[in-house]
2 protein chains.
Amino acid sequence: MRLRLDLAYDGAGFHGWAAQPGLRTVEGTLADALTTVLRHEVQLTVAGRTDAGVHARGQVAHVDVPAAAFAGLPGRSDRAPTEALRTRLAGVLLRASVGGPRGTSDLLVRAVSEAPDGFDARFSALARTYSYLVADSVTAYDPLQRGNVLWLPERLDVPAMQRAALPLLGEHDFLAYCKPRKGATTVRELQLLDITRKAGLVEFTVRADAFCHSMVRTLVGSLLRVGTGKRSEQWPAERLAARTRDGEVVVAPAHPLTLERVDYPQDTELAARARRTRAIRTCDCEPG
Amino acid sequence: MRLRLDLAYDGAGFHGWAAQPGLRTVEGTLADALTTVLRHEVQLTVAGRTDAGVHARGQVAHVDVPAAAFAGLPGRSDRAPTEALRTRLAGVLLRASVGGPRGTSDLLVRAVSEAPDGFDARFSALARTYSYLVADSVTAYDPLQRGNVLWLPERLDVPAMQRAALPLLGEHDFLAYCKPRKGATTVRELQLLDITRKAGLVEFTVRADAFCHSMVRTLVGSLLRVGTGKRSEQWPAERLAARTRDGEVVVAPAHPLTLERVDYPQDTELAARARRTRAIRTCDCEPG
């Protein structure tokens, strides 16, 4: 039986998504909580393997559990077992939470649902959307939001960054924007790279079918060079065309990056989408 | 020479505004930074003496400095000395900051200006405005905002709270909503108590000429009892009329409370306003 988990987390207290021995990670913390509640070891599969410090509001994962472990959940008979699991996980994750005020969690399971046939959190996904927030003047600095906003002393030229972003859209080999891994393609389809000024902050919204490792932060880092006038508007496209990973690479800091949402096709398309994605991408490197 | 300082801070790392030996406080941290930059001991006066854990976006303080210390600031000749002081303070406060990502501060001096004649950050103020944020459903819980939002498992009845708040408006003796201090009046003018649902959160906006100690948190705590159906809509007004401070007092948690702004009269009215306020309030207890 496959369960879909919708997740949100504050990345500050985690060494990224992927489980690592001796380090607090989202995967490790969530797997421990599931094991505690279900009394069964589980293996998680996730849509976006976020890096250390990166947050999520709309992360999606799946986990396969024996129907017996799931049905055996103690709880009120008037509640769906998925809702009973969500509530039990909330309690365990609250106790496992780090920092922040009492009664709040840094990792939250927003919803638990039975996954439709063919659903794979990673390979069925059509697109991932990330946001990246920048405050480019002292009046926009807000100490209450400092955990997920980059503070820049220089005013950004948003129209120049927008023009520089345009030629990056579409399907390209993003080698210059990726930390490549052996045997993995760096071809991706960049579907949206929007930059807007909103409530005093500059917000980047970036969507692709998938991202290779550190791709969003390298795209944003390169555009910030344009926005502060250190590079020409043509430079990001020239980098793309050069297809080299060299000393010119600029990776923006992790803490202003948030995985906002993951899009999936209609239920009838889930299995076909997963087969197609698997054939193209063998890379183990969702994103950052 | 009197300087006005406009401040913002994340209250999580501070034991409130007021300096206390051996504890990190906003007043203590800011006074140390001013002493470092001006090479002169200073005494701060503040509009809102926030409690431990309470944040500020629009706090105002003043400080008297000898013109010599101020004029002697090293810096670029093309910059006003107030701007030179702001920049120097930013550097010192960044190094003194606690927690959070690199390059961000938990205490920020947004602006330094020469105060107009008769200005007193505390006694010239016409009004203080606080906000208090509550998430009353799992879908509204956002781990990225958990530092300044109260998480409640029960859905709040906003119209009921609005009706309960109405009779509290105006000038009253708020003894039931104050931690009283000797020789200090607990009469205050509550100018605004607005409760709205905004982007999934319930936001309280509370404005008064001044607040006595823990008054905002007691008002909010009492209204939350109404919003969750634990008390009648008449209860908060009955408490006000009873003028007693007893076991029924409900003080809401500190971390969702933020001092948003302080209002002052026109420059020509500053001194008169300060004289009038001084005569009425001898209380040393701005607010929380």
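Taken together, the values in this text are just the output of simple stated rules run on the coordinates, not laboratory data. The model shown is predicted, which means the values in this text are computed figures rather than measured ones. Every residue, glycine as well, gets a Cβ built from its backbone with ideal geometry; the counts of neighbours run over all protein chains shown.
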Inset, instruction - Answer yes if at least one residue in segment B:103-113 is part of a loop (DSSP other than H, G, I, E, B), in contact with a helix residue (DSSP H, G or I) (Cβ under 9 Å, 6 or more places away or on another chain) and of a type in the set (Ser, Thr, Tyr), and no otherwise. - result: yes
Legend entry - Residues being within 8 Å of chain A (Cβ to nearest Cβ), free of Cβ contacts under 8 Å to residues at least 40 places away in the same chain and assigned to a helix (DSSP H, G or I) - total across segment B:142-158: 3
Legend entry - Top-ranked residue in segment B:119-141 [being of a type in the set (Gly, Ala, Ser) and within 19 Å of residue B:211 (Cβ to Cβ); ranked as nearest to the other protein chains (Cβ to nearest Cβ)]: B:131
Inset, instruction - Could you tell me whether residue A:169 is touching a residue at least 12 places away in the same chain (Cβ under 8 Å), within 22 Å of residue A:51 (Cα to Cα) and aliphatic (A, V, I, L, M)? - result: no
Inset, instruction - Determine whether segment A:108-118 contains at least one residue that is more than 10 Å from chain B (Cβ to nearest Cβ), touching a His at 6+ places or on another chain (Cβ under 8 Å) and not aromatic (Phe, Trp, Tyr). - result: yes
Legend entry - Residue identified as exposed (fewer than 15 other Cβ atoms within 10 Å of the Cβ) and outside any loop (DSSP other than H, G, I, E, B) among B:129, B:139: B:139
Legend entry - Counted residues, segment B:184-214 - those being part of a strand (DSSP E or B), acidic (Asp, Glu) and touching a residue at least 40 places away in the same chain (Cβ under 8 Å): 1
Legend entry - Residue in segment A:168-223 that is nearest to residue A:143 (Cα to Cα), counting only those that are in contact with a His (Cβ under 8 Å, 6 or more places away or on another chain) and among the basic types (Lys, Arg): A:179
Inset, instruction - Looking only at segment A:159-181, decide whether some residue is assigned to a helix (DSSP H, G or I), touching a strand residue (DSSP E or B) at 6+ places or on another chain (Cβ under 7 Å), within 14 Å of chain B (Cβ to nearest Cβ) and more than 30 Å from residue A:63 (Cβ to Cβ). - result: no
Legend entry - Failed item in (1) more than 21 Å from the chain's Cα centre (by Cα); (2) farther than 30 Å from residue B:7 by Cβ; (3) in contact (Cβ under 8 Å) with a residue 24 or more places away in the chain; (4) within 11 Å of chain B (Cβ to nearest Cβ), with residue A:94 passing the rest: (3)
